[in-house]
């Protein structure tokens with residue numbers, strides 16, 4: 001009877017593989033281009049994009065990001081269609097393309113402008129971007145600017161923000177809505193205050209020993225009459241890359257009040273980082289934040305894109321929910337769903353990771369790219385087969401019969417050959433399931449797939465009861481068959497972990513930006529979520545820690561008390577969170 005479970009459920013899945021998914025999983029699965037810059041690919045050619053902007057326009061979503069020779073549009077925030085478009089004109093073409101773009105909506109027109117230090121970058125306009133119809137609005141946008149952002153206020157006045165530096169602040173200026181000429185001169189808007197806010201310090205360990213921190217990636221959101229200026233810091237290479245926010249009563253000037261903690265922050269888990277992004281409302285009115293996730297293995301600018309639920313609480317504090325941010329989450333169904341509530345579950349499906357550090361067998365191995373690197377929950381490391389040939393395979397053992405709801409396949413770039421955007425490449429594979437590791441049933445067949453799916457995510461219409469999952473290569477677009485994460489989600493059909501005991505936070509008097517967190521190991525847990533904030537009911541940020549019972553926490557506002565809670569994770573769910581504790 002048990003051997004039939006995988007087969008019976010699979011028959012339902014195969015009959016409905018094209019059914020509309022209700023969930024998504026970060027990094028989002030789009031056809032990321034490869035870096036177009038030869039000097040950036042000396043350690044290996046690889047996919048890369050960053051600095052995303054999503055806007056809604058005429059009932060659709062539009063996504064722009066760095067160096068893609070085009071943009072994407074979508075009806076549902078899940079299925080994205082790429083439109084090829086070169087935004088650079090002949091006099092400023094180079095290896096790169098549209099970089100850290102500004103996208104704005106003025107009336108019925110979409111505007112697009114890229115980063116530039118010169119006065120030759122065109123300001124583009126379109127009233128039909130879905131069909132890729134564009135024309136120059138301003139032939140040479142004289143004011144220029146790096147990491148620009150546009151903002152149209154309720155009264156129709158139009159503003160631009162820009163800046164990307166570890167020496168200079170962000171700047172702001174009003175533009176004439178008809179001519180797009182500057183009104184007045186740029187004003188200094190905000191400088192980092194890393195002496196106070198620990199998370200703004202440069203480096204993987206917030207040590208500021210190599211460079212001063214960078215501020216970049218402006219974005220403006222207005223809510224309840226207040227202006228929320230967002231910015232990225234301290235460096236795109238790091239797990240702690242985040243977006244902060246300062247709040248003001250006017251779109252210009254330097255009279256801003258910082259929120260102490262980052263707005264979007266994801267320093268732990270499989271894919272890390274949540275900086276240099278943009279906030280938008282979906283077609284149902286829910287707020288979201290899209291931002292950059294870091295890989296930074298073959299080059300510091302090897303990056304991906306993530307999308308997170310966001311919003312404002314009753315006190316007009318802006319927040320973003322990145323808890324379980326690279327696990328499956330539900331897409332929005334209405335404007336009152338739980339994911340849009342502060343301290344809510346962010347739409348988390350409660351499908352847990354089933355194969356973290358579980359046994360793996362493979363068809364072959366290239367050098368030191370060992371099999372278990374495909375299940376170590378670190379996008380920076382990966383297993384590679386010796387070839388990219390059809391028939392190379394990877395098999396993961398869940399340890400026991402489990403309920404599988406979804407699978408994410410994250411390809412790594414091993415010996416890739418491409419530079420720049422490729423629009424005619426594709427992945428093909430088959431997924432199998434087995435109860436005993438001997439008799440296999442096809443779970444998903446993508447051997448005829450003709451699309452580029454570097455982070456393919458498959459939500460099963462009907463859950464499978466199985467123990468083993470096997471991924472078999474049919475076709476790679478380039479290079480070896482290499483996987484940074486074969487991630488299986490569902491429920492392990494067992495007991496949830498016990499509540500964490502003896503959770504302590506030791507905040508140092510020498511530098512109150514820093515603390516040491518320690519807790520007693522939970523025997524049946526594989527990870528822990530640490531929640532924190534500057535008020536006991538506003539623990540909006542979190543850190544996911546695997547296989548450890550301590551954490552060096554260096555991101556606090558030195559002038560405020562902090563509040564913490566922790567929960568344990570395993571294949572079956574999460575424990576009860578501990579009582580919130582306060583440290584002064």
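The values are calculated or read from the model by the stated rules, or taken from the named source; none is laboratory data. Everything numeric in this text was worked out from a predicted model, so none of it was measured. Reconstructed Cβ throughout: ideal geometry from the backbone, glycine too, with neighbour counts over all protein chains shown.
Among the residues of the stretch 478-491, those identified as crowded, with 20+ Cβ neighbours inside 10 Å and assigned to a loop (DSSP other than H, G, I, E, B) are 479, 480, 481.
Mind counting the residues in the stretch 288-325 that are touching a helix residue (DSSP H, G or I) at 6+ places or on another chain (Cβ under 8 Å) and either touching a residue at least 60 places away in the same chain (Cβ under 8 Å) or closer than 15 Å to residue 220 by Cα (or both)?
Going through the stretch 288-325, the residues touching a helix residue (DSSP H, G or I) at 6+ places or on another chain (Cβ under 8 Å) turn out to be 298-299, 301, 309, 311, 321.
Filter once more, so that each one left must be either touching a residue at least 60 places away in the same chain (Cβ under 8 Å) or closer than 15 Å to residue 220 by Cα (or both): 298-299, 301, 311, 321.
Final tally of qualifying residues: 5.
Please go through the stretch 290-317 and give me each residue that is under 20 Å from residue 536 (Cα atoms) and either in the same structural domain as residue 530 (by TED's automatic domain parsing) or crowded, with 24+ Cβ neighbours inside 10 Å (or both), ordered by number.
310
Taken over the stretch 236-260, the residue count meeting the criterion of being out of contact with any helix residue (DSSP H, G or I) (no Cβ under 7 Å at 6 or more places or on another chain) and assigned to a loop (DSSP other than H, G, I, E, B) is 15. Considering only residues in the stretch 180-194 that are in contact (Cβ under 8 Å) with a residue 40 or more places away in the chain and assigned to a loop (DSSP other than H, G, I, E, B), the one that is surrounded by the most Cβ atoms within 10 Å (Cβ to Cβ) turns out to be 192.
Among the residues of the stretch 35-44, those identified as surrounded by fewer than 23 Cβ atoms within 10 Å (Cβ to Cβ) and in contact with a strand residue (DSSP E or B) (Cβ under 8 Å, 6 or more places away or on another chain) are 41, 44. Taking the criterion of being more than 29 Å from residue 351 (Cα to Cα) and outside any loop (DSSP other than H, G, I, E, B), the residues of the stretch 492-516 that qualify are 505, 506, 507, 515, 516. Assuming residue 522 fulfils every condition listed in (1) farther than 20 Å from residue 201 by Cβ; (2) under 23 Å from the mean Cα position of the chain (by Cα); (3) surrounded by fewer than 23 Cβ atoms within 10 Å (Cβ to Cβ) apart from one, which condition is it? So the condition that residue 522 fails would be (2).
So that you can scan it fast, the table gives a plain yes or no per residue for (1) over 21 Å from residue 255 (Cβ atoms); (2) in the same structural domain as residue 101 (by TED's automatic domain parsing); (3) modelled with pLDDT of 95 or more:
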position: 150; (1), (2), (3): yes, yes, yes
position: 162; (1), (2), (3): no, yes, yes
position: 178; (1), (2), (3): yes, yes, no
position: 189; (1), (2), (3): no, yes, yes
position: 202; (1), (2), (3): yes, yes, yes
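There is at least one residue in the stretch 122-140 that is in contact (Cβ under 8 Å) with a residue 60 or more places away in the chain, in contact with a strand residue (DSSP E or B) (Cβ under 9 Å, 6 or more places away or on another chain) and in a helix (DSSP H, G or I).
Looking at this structure, is residue 51 on the phi > 0 side of the Ramachandran plot, modelled with pLDDT of 95 or more and either part of a loop (DSSP other than H, G, I, E, B) or surrounded by fewer than 20 Cβ atoms within 10 Å (Cβ to Cβ) (or both)? Write out each step before concluding.
On the way: on the phi > 0 side of the Ramachandran plot: yes; modelled with pLDDT of 95 or more: yes; either part of a loop (DSSP other than H, G, I, E, B) or surrounded by fewer than 20 Cβ atoms within 10 Å (Cβ to Cβ) (or both): yes.
So residue 51 fits the description; yes.
Residues are listed down the side, and each one gets a yes or a no for (1) surrounded by fewer than 20 Cβ atoms within 10 Å (Cβ to Cβ); (2) touching a helix residue (DSSP H, G or I) at 6+ places or on another chain (Cβ under 7 Å):
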| position | (1), (2) |
| --- | --- |
| 345 | yes, yes |
| 350 | yes, no |
| 353 | no, no |
| 365 | yes, yes |
| 373 | no, no |
| 376 | no, no |
| 381 | yes, yes |
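State yes or no: is residue 269 assigned by TED's automatic domain parsing to the domain that holds residue 168, in a loop (DSSP other than H, G, I, E, B) and either over 13 Å from the mean Cα position of the chain (by Cα) or in contact (Cβ under 8 Å) with a residue 40 or more places away in the chain (or both)? When the stated conditions are applied, residue 269 passes them. As an exercise: evaluate residue 451 against (1) surrounded by 20 or more Cβ atoms within 10 Å (Cβ to Cβ); (2) under 24 Å from the mean Cα position of the chain (by Cα); (3) in the same structural domain as residue 434 (by TED's automatic domain parsing) and give the number of the one condition it does not meet. Status for residue 451: all satisfied but (1).
All of 430, 358 fail the test of being farther than 30 Å from residue 524 by Cα and either without any contact (Cβ under 8 Å) to a residue 60 or more places away in the chain or outside any loop (DSSP other than H, G, I, E, B) (or both), apart from 430.
Table: residues versus (1) touching a strand residue (DSSP E or B) at 6+ places or on another chain (Cβ under 7 Å); (2) within 18 Å of residue 318 (Cβ to Cβ).
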site: 216; (1), (2): yes, no
site: 221; (1), (2): yes, yes
site: 225; (1), (2): no, yes
site: 234; (1), (2): no, no
site: 238; (1), (2): yes, no
site: 248; (1), (2): yes, yes
site: 264; (1), (2): yes, yes
site: 271; (1), (2): yes, no
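Taking the conditions exactly as written (part of a loop (DSSP other than H, G, I, E, B), closer than 30 Å to residue 565 by Cα and at pLDDT 95 or above), does residue 439 satisfy them or not?
Details: part of a loop (DSSP other than H, G, I, E, B): yes; closer than 30 Å to residue 565 by Cα: no; at pLDDT 95 or above: yes.
Spelling it out, it is not the case that residue 439 is part of a loop (DSSP other than H, G, I, E, B), closer than 30 Å to residue 565 by Cα and at pLDDT 95 or above.
Counting only residues that are touching a residue at least 40 places away in the same chain (Cβ under 8 Å) and either assigned to a loop (DSSP other than H, G, I, E, B) or surrounded by fewer than 18 Cβ atoms within 10 Å (Cβ to Cβ) (or both), the stretch 553-584 holds 18 of them. Kindly evaluate residue 423 against the criterion of being modelled with pLDDT under 95 and surrounded by fewer than 15 Cβ atoms within 10 Å (Cβ to Cβ). In short, yes. May I ask you to verify whether residue 574 is farther than 25 Å from residue 376 by Cα and touching a strand residue (DSSP E or B) at 6+ places or on another chain (Cβ under 9 Å)? Answer is no for this residue.
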